[in-house]
Amino acid sequence: MKVDKIVRDCLLEIQKKKRVSLEGNILKLIEAEEGDEEFKVYLQTSLEKDKDSRRKRLEITKQVQERNKELLVSEEENIRVNEELKTALQEAEHSKLEALVAKDAALSDLDIIQKKSQTELISTIVKVALLVILSVGVITTVMYAIAMFTGKDTQIIGSTWSNMFGILLTNAFSIVGTIMGVKYASENSKKE
């Protein structure tokens, strides 16, 4: 197909002034007049630019397609990693709950052991205190009885005997009161 002179001149002028030339398959259809070297060069240059721009567009399209493939693979990997993170988080929360339950059980066991130890200690203290009180009472009573049967003066031993029993009873109540106070105080501090 050949173009008339007006179209030819218009195309050459646009190319010179604005650096815009024809593109696409239409270039394959247009032919230059014999002897019109300027238009022939214009058509060849336009064809080469068109091939160049097509090649560049094709490269860009390929790059975009490759990037899209990479993005899809990355997205799948992100989804997989997110799922693993969710699973790990759930397992960590489950382990945390198990640890809290184990801690509560251990604290409960410790509390029971402490109460048992305190009860045993209090029991031992009370037994020893009562044993001391009874032995002192028995010894003093035996001494008083011997003095009475042998005919010795019992006035000093009698007053000592009655004072000793008074002191022993006071100390016994003091020990029991102290033990109960400590037990009560330790129970109240644990509750708080």
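The values are calculated or read from the model by the stated rules, or taken from the named source; none is laboratory data. Since this is a predicted model, take the numbers as computed values, not measurements. So basically every Cβ, Gly included, is an ideal-geometry build from the backbone, and we count neighbours across all protein chains shown.
Residue by residue, here is whether (1) in a helix (DSSP H, G or I); (2) hydrophobic (A, V, I, L, M, F, W, C); (3) modelled with pLDDT under 75 holds:
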{"residue": "M148", "(1), (2), (3)": "yes, yes, no"}
{"residue": "D153", "(1), (2), (3)": "no, no, no"}
{"residue": "S162", "(1), (2), (3)": "yes, no, no"}
{"residue": "L169", "(1), (2), (3)": "yes, yes, no"}
{"residue": "F173", "(1), (2), (3)": "yes, yes, no"}
{"residue": "T178", "(1), (2), (3)": "yes, no, no"}
{"residue": "Y184", "(1), (2), (3)": "yes, no, yes"}
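State which residue pairs qualify: first residue more than 15 Å from T141 (Cα to Cα) and inside the range 160-173, second residue loosely packed, with under 12 Cβ neighbours inside 10 Å and among the β-branched types (V, I, T) in any location, beta carbons under 9 Å apart, and separation of 6 or more residues or different chains.
Listed pairs, sorted by first residue: none to list.
Considering only the range 170-182, I want to know if a residue exists there that is over 58 Å from the mean Cα position of the chain (by Cα) and aromatic (F, W, Y).
No, the range 170-182 contains no residue that is over 58 Å from the mean Cα position of the chain (by Cα) and aromatic (F, W, Y).
Would you mind finding the one in K127, K190 that is modelled with pLDDT of 75 or more and under 60 Å from the mean Cα position of the chain (by Cα)?
K127
Would you mind finding the one in E23, E75, E84, E91 that is modelled with pLDDT under 90 and outside any strand (DSSP E or B)?
E23
Please work out if I122 is in contact with a helix residue (DSSP H, G or I) (Cβ under 6 Å, 6 or more places away or on another chain), β-branched (V, I, T) and in a helix (DSSP H, G or I).
yes
Kindly evaluate T141 against the criterion of being closer than 29 Å to L121 by Cβ, exposed (fewer than 15 other Cβ atoms within 10 Å of the Cβ) and polar (S, T, N, Q).
Answer is no for this residue.
When R54 is evaluated against the numbered criteria (1) more than 60 Å from the chain's Cα centre (by Cα); (2) surrounded by 12 or more Cβ atoms within 10 Å (Cβ to Cβ), which criterion, by number, is the only one it fails?
For R54, the exception is condition (1).
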